[in-house]
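*Asks:* Here it is: the structure, laid out below.
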Amino acid sequence: MIQDESIFSDRLVQDFNQRFGYPPEFMVSAPGRVNLIGEHTDYNDGYVFPVAIDKYLRIAASKRSDKEVHLYALDMDEECVFNLESIRDSKTPPWSNYLKGVAHFLQEEVLQGSEHTLNGITAVITGNVPIGAGLSSSAALEVASTLAFLGGCGLEIPYSSINTNNEIELLHSSPLELASICQRAENEFAGVNCGIMDPTISLLGKADHALFLDCRSLDYNHIPLNLTDILIVICNTNVKRELAASEYNKRRSECENGVKMIQQWMPSITSLRDVTVEDFKKYEEKLPEITQKRCRYVVEENNRVLKAVSALTANDLDTFGILMNASHAGLRYAYEVSCDELDLLTEIAQNIEGVIGARMTGAGFGGCTVNLVYQDAVEEFQNKVSNEYPKHTGIEPDTYICNAGDGARIKWLSNQ
Ligand code: GLA
């Protein structure tokens, strides 16, 4: 059952109604995410520790009797029509590729061989996950469209069954299978070789918990945050992540090359996940400089996630904060995916008493930092950030205080 109605907006129902002249049958919401620690580890089969945030991508939709998909992106005032029987990625509008990719893989993988086929849908899309800010607006769109297409063929996905049984019974398919088709949509229709973290947390987020996910086995645990007097504060550099896609794919192949080289001495490894910090020390000198830096970061970051999860479980937030700060240093100097603006925001934060830890979050090259801040230091934090950051950059930052929220949901409107 849906417990929090506020994540669905009445405004969206009205907009749908106005545009199409009839009400939507259902609404879907999928959250963005912020990753507390474990960056660029997911595509290395490693560990991540994200939370779903209370910012959502929302879709109001109705099924159609044909195979056409009619989409309207409210915030961009753009529309797109495509046919489920002839899906092709296209440059315009770029956001439509996420929906096309999801529809393609739902048809080819999840529904293949079942008695279900996708129907066309008519949909209005909106959201308040900042776009291109490293908070996974694209995964939220993929997850929301997955649920919208499934809703369009009458497949409700009860929220409770996702959490307790880890299965969507009608499909005999788990949320992780849905996360995987979202990932493939992004890989193959948007050209970013991203990992599994973002759609997984958007599907499996749980209020007041972070998700400890092993990106190899896909085993996961919801770890209580117990942050009574501590807030998760996100700061947006408002710097466009120009290099994000190309450099992201480059980092991924640098890691894959590193694995090939390390296999000379450790033939049984298949990813950097298999290399411990001690193993790495034995062989690092033999690697070319760039490969060495990239691999060292990943090996150490995996280790930091494990330590961070233990620290949080033991309520040792000081250690958690130290690990967050170390993660940022690794991303800045060894993995080289930070930028001046992210470094500045992180430095401002780390110098404020009452900030437990601060780091960049997401792919990097712009986007956001994540900060754990004692409640009584939040005002000073916001003042310092809004004074000092524009002074050096000429850019106004945005700050969001976030609650760890629940994962994606679908709500049927016809029974109201
Ligand atoms: C992006 C990708 C994720 C992950 C992060 C970095 O958000 O979509 O899969 O790799 O970058 O941790």
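*Asks:* For residues that are open to solvent by less than 60 Å² (accessible area, probe 1.4 Å), assigned to a loop (DSSP other than H, G, I, E, B), within 30 Å of Leu155 (Cα to Cα) and not hydrophobic (A, V, I, L, M, F, W, C), tally how many sit in segment 367-416.
*Replies:* 3
*Asks:* Which one of these does Asn302 not meet: (1) out of contact with any Leu (no Cβ under 8 Å at 6 or more places or on another chain); (2) within 26 Å of His209 (Cα to Cα); (3) touching a residue at least 60 places away in the same chain (Cβ under 8 Å)?
*Replies:* Here Asn302 clears every test but (1).
*Asks:* For residues that are near the ligand (Cβ under 10 Å from one of its atoms) and among the aromatic types (Phe, Trp, Tyr), tally how many sit in segment 31-47.
*Replies:* Qualifying residue count for the region: 1.
*Asks:* Out of Val51, Val81, Val102, I need the residue that is at pLDDT 95 or above, open to solvent by less than 50 Å² (accessible area, probe 1.4 Å) and either in a strand (DSSP E or B) or away from the ligand (no atom under 16 Å from the Cβ) (or both). Which one?
*Replies:* Within the list Val51, Val81, Val102, the selection yields Val51.
*Asks:* Follow-up. If I ask for residues that are free of Cβ contacts under 8 Å to residues at least 24 places away in the same chain and assigned to a loop (DSSP other than H, G, I, E, B), which ones from segment 68-78 would you list?
*Replies:* Met76, Asp77 - these are the residues of segment 68-78 that are free of Cβ contacts under 8 Å to residues at least 24 places away in the same chain and assigned to a loop (DSSP other than H, G, I, E, B).
*Asks:* Then there is this: Specify which of the listed residues (Met324, Met360) is open to solvent by less than 10 Å² (accessible area, probe 1.4 Å), assigned to a helix (DSSP H, G or I) and within 21 Å of Ile53 (Cα to Cα).
*Replies:* Answer to the check: Met324.
*Asks:* When you scan segment 120-138, do you find a residue that is in contact with a strand residue (DSSP E or B) (Cβ under 8 Å, 6 or more places away or on another chain), assigned to a helix (DSSP H, G or I) and either among the small types (Gly, Ala, Ser) or within 16 Å of the ligand (Cβ to nearest atom) (or both), even just one?
*Replies:* yes
*Asks:* Inspect segment 250-270 for any residue being touching a residue at least 24 places away in the same chain (Cβ under 8 Å), in a helix (DSSP H, G or I) and within 21 Å of Arg359 (Cα to Cα) and give the result as yes or no.
*Replies:* yes
The values are calculated or read from the model by the stated rules, or taken from the named source; none is laboratory data. Remember, it's a predicted structure, so these values are computed and weren't measured experimentally. So basically every Cβ, Gly included, is an ideal-geometry build from the backbone, and we count neighbours across all protein chains shown. Quick note on the areas: whole protein, heavy atoms, side chains included, nothing else; ligands and nucleic acids left out. Shrake-Rupley method; radii C 1.70, N 1.55, O 1.52, S 1.80 Å.
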